[in-house]
Amino acid sequence: MIRRRAESGSALIEVVWLAILLLMPLVYIVVAVFTVQRAAYGVSAAAEAAGRAFTLAPDESAAVGRARAAAAVALRDHGVEASPEQIVIDCAPEPRNCLAPGSVVTVVIDAEVDLPLMPAVLGSATPAISVDAEHRIPYGTFREDR
């Protein structure tokens, strides 16, 4: 006589294990994409805020400091870390006179975002994705020269 094993409940266990094995990578991919997207929005907002702060400054000596401070606040709001060297401010057509009528201020911010949930076993150099933004803001032809 052959004894049959009762199989009640085993399908539920198999479905749960398959769901865990298939959904965990999907959840990680979604979290990683959202992290990179958050950083991209943060860098873009920081470049725009820095350009606006630069053009609204009373003089050029205060403009760079204000632009870097505005970018730092926007980056911190979005959870992105960037050093001051990663914020580049340039002017055209005259690089030495940024707050002159007709000039265009260009702010470029480049930051790296570490992928989330990377274990320390992989070493100190965790994989990162680079995000950058460039914002150009005209000073205006009919504004006063500062």
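Values as computed for the structure displayed
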| item | result |
| --- | --- |
| Residue check, Ala120 more than 15 Å from the chain's Cα centre (by Cα), at pLDDT below 90 and small (Gly, Ala, Ser) | yes |
| Residue match in the range 97-112 (condition: over 27 Å from Tyr139 (Cβ atoms) and surrounded by 13 or more Cβ atoms within 10 Å (Cβ to Cβ)) | yes |
| Selection count, the range 22-60, where residues are assigned to a helix (DSSP H, G or I) and touching a helix residue (DSSP H, G or I) at 6+ places or on another chain (Cβ under 6 Å) | 7 |
| Matching residues, the range 38-81, being closer than 24 Å to Pro101 by Cα, among the hydroxyl-bearing types (Ser, Thr, Tyr) and without any contact (Cβ under 8 Å) to a residue 40 or more places away in the chain | Ser61 |
| Residues of the range 61-96 satisfying the condition of being assigned to a loop (DSSP other than H, G, I, E, B) and either under 17 Å from Arg136 (Cβ atoms) or of a type in the set (A, V, I, L, M) (or both) | Val80, Ala82, Pro93, Glu94, Pro95 |
| Test: residue in the range 71-83 that is touching a Pro at 6+ places or on another chain (Cβ under 9 Å), surrounded by 12 or more Cβ atoms within 10 Å (Cβ to Cβ) and modelled with pLDDT of 90 or more | yes |
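The values are calculated or read from the model by the stated rules, or taken from the named source; none is laboratory data. Remember, it's a predicted structure, so these values are computed and weren't measured experimentally. FYI the Cβ positions are ideal-geometry reconstructions off the backbone, even for glycines, and counts take in every protein chain you see.
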